[in-house]
Amino acid sequence: MKGHEGWDQYADYYDWENRQTVGRRDIAFWSRVAAPVRGPILELGCGTGRVAIPLARDGARVVGVDRSASMLACGRRRVRRARLQSRVKLICGDIRHLPFPDGTFRLVMAPYGILQSLLDERLLSATLRDVCRVLKRGGLFGLELVADLPAWEEYSNRTTLRAARGPHGTPIRLIESVWQDRRRHITRFEQEFVEGRGTAVTRRMFSLAFRTLSVPQMVNRLEKAGLEVSSLLGDYQGGPWDLRADVWIILARKG
C-alpha cells in the first residue's frame, strides 16, 4: 500500500482518536517554536488543523498542505467555526512538490510522524529537498517521529480504545491489528471503528502504513538534503533526546 492511502477514510475519526491518545500534549511545544516567527509558517500534513488552528489562535499565520481532501474538509470546517480564515490557509497538495517559491518560509513543521507516511526513500528525499528549497536561509525545520515504532509488538483484533460517545455521538470501539514488515521497515495498522449497539452498529475499516526511521537515520537524511541539525529533543518541554525518550523531535536549520 501507499502511505497516503487510508487517510480519507480516517478523517471522521482522526480528531476523536487523537483526543484519546496524544490530546494537546504537543500543541504548546509547536506554539513555542512558532512564537518568534514573523511571516507565514508551513505545516506539512496539516490534516484537520489539529496543530494549525491552535497556533493561529496564538497569533501565527499558518499555511497547511495535505493530500487528503476529506481531512482538509474537516479542517476547513474547523477554521470557519473558529473564524480564523485570515490566519489559516489549507491547501490540497503533495508535500514532495510544494507549490511555493524558493525561500518563502522561516518555519516548516512536520508534526506527529507525518514524514513516516512516506514509505519510499525517493519520496522522503524529494520532500526534504523541497522543504530546504522553500525555507529562507537560517529558517527552521521541525519534525516529530513516532517514538520507538520498530519495537511495537504485533497484535491482531485488539480493542485499543472504547468510549461512551464517538465522533458521531454513539458508543464506539476501535479494534486494531498491527503488522511489522521489518525487512522494508514498514508498520501497518488495520483499524476498525465500531459504532453503536445491537442492530444499529456500523463498521468502518481501513489501513494506515508508516515507515520506521530512527533519529540517527533521519538526521543523516536531513543533512543530505542540505539542512543542519541543531537540536534533538526527547520531550515537549525541550529536554534532550535519547533512545528511551517518549518523544522524538528534530530541529534543523537551512545553513
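Is segment 142-157 home to any residue that is among the hydroxyl-bearing types (S, T, Y) and either more than 26 Å from K224 (Cα to Cα) or exposed (fewer than 13 other Cβ atoms within 10 Å of the Cβ) (or both)? Yes, that holds for at least one residue. G45 falls short of the stated requirement of being in the same structural domain as T104 (by TED's automatic domain parsing), in contact with a Lys or Arg (Cβ under 7 Å, 6 or more places away or on another chain) and not basic (K, R).
Hey, among the residues in segment 226-255 that are modelled with pLDDT of 95 or more and among the aliphatic types (A, V, I, L, M), which one's surrounded by the most Cβ atoms within 10 Å (Cβ to Cβ)? If we take residues in segment 226-255 being modelled with pLDDT of 95 or more and among the aliphatic types (A, V, I, L, M), then A252 is surrounded by the most Cβ atoms within 10 Å (Cβ to Cβ).
Of all residues in segment 136-171, those being under 19 Å from the mean Cα position of the chain (by Cα), closer than 22 Å to L42 by Cα and not aromatic (F, W, Y) number 6. Residues of segment 118-136 include at least one that is surrounded by 17 or more Cβ atoms within 10 Å (Cβ to Cβ) and over 27 Å from G255 (Cβ atoms).
Give E223, E192 a once-over and let me know the one that is at pLDDT 95 or above, assigned by TED's automatic domain parsing to the domain that holds D26 and among the acidic types (D, E).
Only one candidate passes the filter, namely E223.
Against the definition (farther than 22 Å from I186 by Cβ and surrounded by fewer than 18 Cβ atoms within 10 Å (Cβ to Cβ)), how does R80 come out, yes or no? It is true that R80 is farther than 22 Å from I186 by Cβ and surrounded by fewer than 18 Cβ atoms within 10 Å (Cβ to Cβ).
Of the residues that sit in segment 50-77 and are assigned to a helix (DSSP H, G or I) and not aliphatic (A, V, I, L, M), which one is surrounded by the fewest Cβ atoms within 10 Å (Cβ to Cβ)? Quick ask: steps written out before the conclusion?
Within segment 50-77, the first condition is being assigned to a helix (DSSP H, G or I), and the residues that meet it are 52-57, 69-77.
Within this subset, residues satisfying the condition of being not aliphatic (A, V, I, L, M) are 54, 57, 70, 74-77.
Details: P54: 19, R57: 14, S70: 17, C74: 20, G75: 25, R76: 17, R77: 12.
Checked segment 50-77; the qualifying residue surrounded by the fewest Cβ atoms within 10 Å (Cβ to Cβ) is R77.
Screening the candidates E153, E190 for the property of being out of contact with any helix residue (DSSP H, G or I) (no Cβ under 9 Å at 6 or more places or on another chain), in a loop (DSSP other than H, G, I, E, B) and not basic (K, R) yields one hit, E153. Condition first: of a type in the set (D, E, K, R), loosely packed, with under 15 Cβ neighbours inside 10 Å and at pLDDT below 95. Now tell me which residues in segment 6-37 satisfy that. Selection gives R19, R24, R25.
Taken over segment 172-206, the criterion of being without any contact (Cβ under 8 Å) to a residue 12 or more places away in the chain and on the phi > 0 side of the Ramachandran plot is satisfied by G198 alone. Every listed requirement among (1) out of contact with any strand residue (DSSP E or B) (no Cβ under 8 Å at 6 or more places or on another chain); (2) part of a helix (DSSP H, G or I) is met by P36 save one, (2).
The values are calculated or read from the model by the stated rules, or taken from the named source; none is laboratory data. None of these values were measured; they are calculated from a predicted model. Note that each Cβ is placed from the backbone with ideal geometry, even for glycine, and that neighbours are counted across all protein chains shown.
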